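Engineer: The structure's right below; bear with me while I get my questions together.
The values are calculated or read from the model by the stated rules, or taken from the named source; none is laboratory data. Being a predicted model, the structure only gives us computed values, none of them experimental. Here the Cβ positions follow ideal geometry from the backbone for every residue, glycine too, while neighbour counts run over all protein chains shown. Ligands, DNA and RNA are excluded from the accessible area calculation, which covers all protein heavy atoms including side chains. Shrake-Rupley method; radii C 1.70, N 1.55, O 1.52, S 1.80 Å.
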Amino acid sequence: MPRTKRVYSGKTITGVLYPVAICMLFVAINVKLSQPEQQEQSKVVYGLFHSYDTADSGTITLYLIGFLILTTSLGVFCYQMKFYKAIKVYVLANSIGILLVYSVFHFQRIAEAQSIPVSVPTFFFLILQFGGLGITCLHWKSHRRLHQFYLIMLAGLTAIFILNILPDWTVWMALTAISFWDIVAVLTPCGPLKMLVETANRRGDDKFPAILYNSSSYVNEVDSPDTTRSNSTPLTEFNNSSSSRLLESDSLLRPPVIPRQIREVREVEGTIRLGMGDFVFYSLMLGNTVQTCPLPTVVACFVSNLVGLTITLPIVTLSQTALPALPFPLAIAAIFYFSSHIALTPFTDLCTSQLILI
Amino acid sequence: MDISKLTDVKKVDLCKKYFLIGACFLPLVWIVNTFWFFSDAFCKPINAHRRQIRKYVIASIVGSIFWIIVLSAWEIFFQHYRAQGLVWTDFLTFVFPTGRV
């Protein structure tokens with residue numbers, strides 16, 4: 001049997017970068033829209049109060065990581081025990097919770113911030129349109145672009161939801177902890193996501209294609225959060241955010257391609273499968289930056305995140321194994337964030353006050 | 001999914017189901033149905049199946065226009081009387097503009 005070697009072309013990389021960029025832009029724009037100008041001062045005060053309460057931040061981060069580990073392990077357990085119906089019900093409940101319930105709160109906040117008078121019938125009718133079409137697209141047949149659009153909406157709304165729960169610096173603590181959990185879950189032998197990938201590969205001829213064939217959004221949405229389950233506990237995703245799905249044959253964003261054979265090494269144009277959790281955490285990082293920093297820092301984080309994602313792909317090619325997709329992008333984004341926060345913004349302010357950058 | 005690979009029978013069935021879903025107060029689904037099957041309904045040679053698709057697409061267009069008119073009329077009506085400060089408009093206002101006590 002010829003050994004299969006996966007390669008990734010520029011087209012494949014852009015196929016991943018575009019939706020990630022769109023999701024981050026969506027979250028950034030929505031965070032900016034739902035942030036009234038007058039309340040920025042009170043936001044800063046709130047941030048100052050919570051920023052330095054490390055005990056509180058640590059507690060929230062621990063809750064977040066605990067919930068993440070619990071949901072990931074439960075998801076893998078259900079998959080291994082073939083509790084497919086449980087996974088489907090969970091995914092459906094999450095979609096309804098985000099697209100219908102949380103959309104009301106989010107768009108209400110935007111309407112209030114932008115001072116748009118809306119009547120009750122019109123508002124709920126439009127939310128019904130958005131949620132109804134979304135559920136139809138995600139769990140039944142729909143156009144590919146529309147399906148991808150609603151996956152991005154789902155991830156974006158999830159990120160906005162988490163963003164409104166966590167104080168400022170908790171976001172960075174949470175992202176750091178989640179990155180480490182991502183590494184543990186994917187690269188260690190007993191990691192749940194590694195077990196998930198191995199189980200899926202072993203069952204390649206059985207249930208996995210059946211699930212994908214019937215409705216690929218089921219498996220793709222396993223990493224959706226549950227907004228209706230908890231009251232105050234911060235909610236997050238299954239950490240399928242790893243690139244454990246990078247090497248799976250079914251593509252969320254791209255159709256399968258024909259393999260090309262070169263001597264005894266078969267080069268297969270790999271299709272990249274990015275978990276929805278990755279979208280959420282990238283958007284979470286950028287949304288937090290929009291809330292707390294001026295535009296140059298936001299742009300720096302945005303570009304560095306995409307660069308980090310681009311760096312992950314050659315490493316996947318070289319190692320020919322699944323890799324977590326969070327550490328590189330978030331590490332590079334953190335470097336740019338804090339360097340901009342410490343150096344660039346004071347420099348720009350100084351130049352402005354000295355009337356140099358007119 | 002890509003409908004260009006479906007048979008005509010399955011296209012008709014999918015278009016019909018989308019139309020029925022849109023009938024549950026979801027005109028946005030009708031709009032999607034219109035854009036999705038427009039080329040099959042009007043830009044290809046006619047046959048029995050395409051005639052059915054055309055029927056469903058036209059029904060979706062009519063239904064969408066109806067809902068757009070209803071929604072626009074209601075919103076114009078409501079904003080007019082809300083600006084006049086009638087009492088019943090306060091109960092039906094979901095978001096009050098800035099400055100209103």
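Engineer: Give the residue that is nearest to the chain's Cα centre (by Cα), with candidates limited to residues of the stretch A:103-120 that are within 7 Å of another protein chain (Cβ to nearest Cβ) and outside any loop (DSSP other than H, G, I, E, B).
Structural biologist: A:108
Engineer: Taking only the stretch A:155-180 into account, find how many residues are aliphatic (A, V, I, L, M) and farther than 20 Å from residue A:305 by Cα.
Structural biologist: 2
Engineer: Quick check on the stretch A:130-138. Is at least one of its residues farther than 28 Å from residue A:15 by Cβ and either free of Cβ contacts under 8 Å to residues at least 40 places away in the same chain or more than 14 Å from chain B (Cβ to nearest Cβ) (or both)?
Structural biologist: Yes, the conditions are met somewhere in the stretch A:130-138.
Engineer: Just a yes or no: is a residue in the stretch A:91-101 within 12 Å of chain B (Cβ to nearest Cβ), touching a helix residue (DSSP H, G or I) at 6+ places or on another chain (Cβ under 8 Å) and open to solvent by less than 20 Å² (accessible area, probe 1.4 Å)?
Structural biologist: No.
Engineer: Right, next: Exactly one of these conditions fails for residue B:25: (1) away from every other protein chain (no Cβ under 12 Å); (2) in contact with a helix residue (DSSP H, G or I) (Cβ under 8 Å, 6 or more places away or on another chain); (3) open to solvent by 40 Å² or more (accessible area, probe 1.4 Å). Give me its number.
Structural biologist: (1)
Engineer: Another question about this same structure. Give me the pairs: first residue in the stretch B:51-74 and within 11 Å of residue B:37 (Cβ to Cβ), second residue in a helix (DSSP H, G or I) and aliphatic (A, V, I, L, M), beta-carbon distance under 7 Å, and six or more apart or on different chains, which are they?
Structural biologist: These pairs meet every condition: B:52/B:12; B:53/B:12; B:53/B:41; B:54/B:41; B:57/B:41.
Engineer: So, in the stretch B:39-76, exactly how many residues are of a type in the set (S, T, N, Q), surrounded by fewer than 17 Cβ atoms within 10 Å (Cβ to Cβ) and within 30 Å of residue A:119 (Cα to Cα)?
Structural biologist: Qualifying residue count for the region: 1.
Engineer: Follow-up question, since we're still on this one. Quick check on this structure: which one of B:89, B:34 is in contact (Cβ under 8 Å) with a residue 24 or more places away in the chain and either outside any loop (DSSP other than H, G, I, E, B) or away from every other protein chain (no Cβ under 12 Å) (or both)?
Structural biologist: That would be B:34, the only listed residue that is in contact (Cβ under 8 Å) with a residue 24 or more places away in the chain and either outside any loop (DSSP other than H, G, I, E, B) or away from every other protein chain (no Cβ under 12 Å) (or both).
Engineer: Condition first: surrounded by 15 or more Cβ atoms within 10 Å (Cβ to Cβ) and not hydroxyl-bearing (Ser, Thr, Tyr). Now tell me which residues in the stretch B:80-91 satisfy that.
Structural biologist: Passing the criteria: only B:82.
Engineer: If you don't mind, another one. Kindly evaluate residue A:125 against the criterion of being more than 24 Å from residue A:25 (Cα to Cα) and within 14 Å of chain B (Cβ to nearest Cβ).
Structural biologist: Against the criterion (more than 24 Å from residue A:25 (Cα to Cα) and within 14 Å of chain B (Cβ to nearest Cβ)), residue A:125 qualifies.
Engineer: If you don't mind, another one. Has the stretch A:121-131 got at least one residue that is open to solvent by less than 70 Å² (accessible area, probe 1.4 Å), of a type outside the set (Asp, Glu), modelled with pLDDT under 80 and out of contact with any Phe, Trp or Tyr (no Cβ under 8 Å at 6 or more places or on another chain)?
Structural biologist: Within the stretch A:121-131, not a single residue is open to solvent by less than 70 Å² (accessible area, probe 1.4 Å), of a type outside the set (Asp, Glu), modelled with pLDDT under 80 and out of contact with any Phe, Trp or Tyr (no Cβ under 8 Å at 6 or more places or on another chain).
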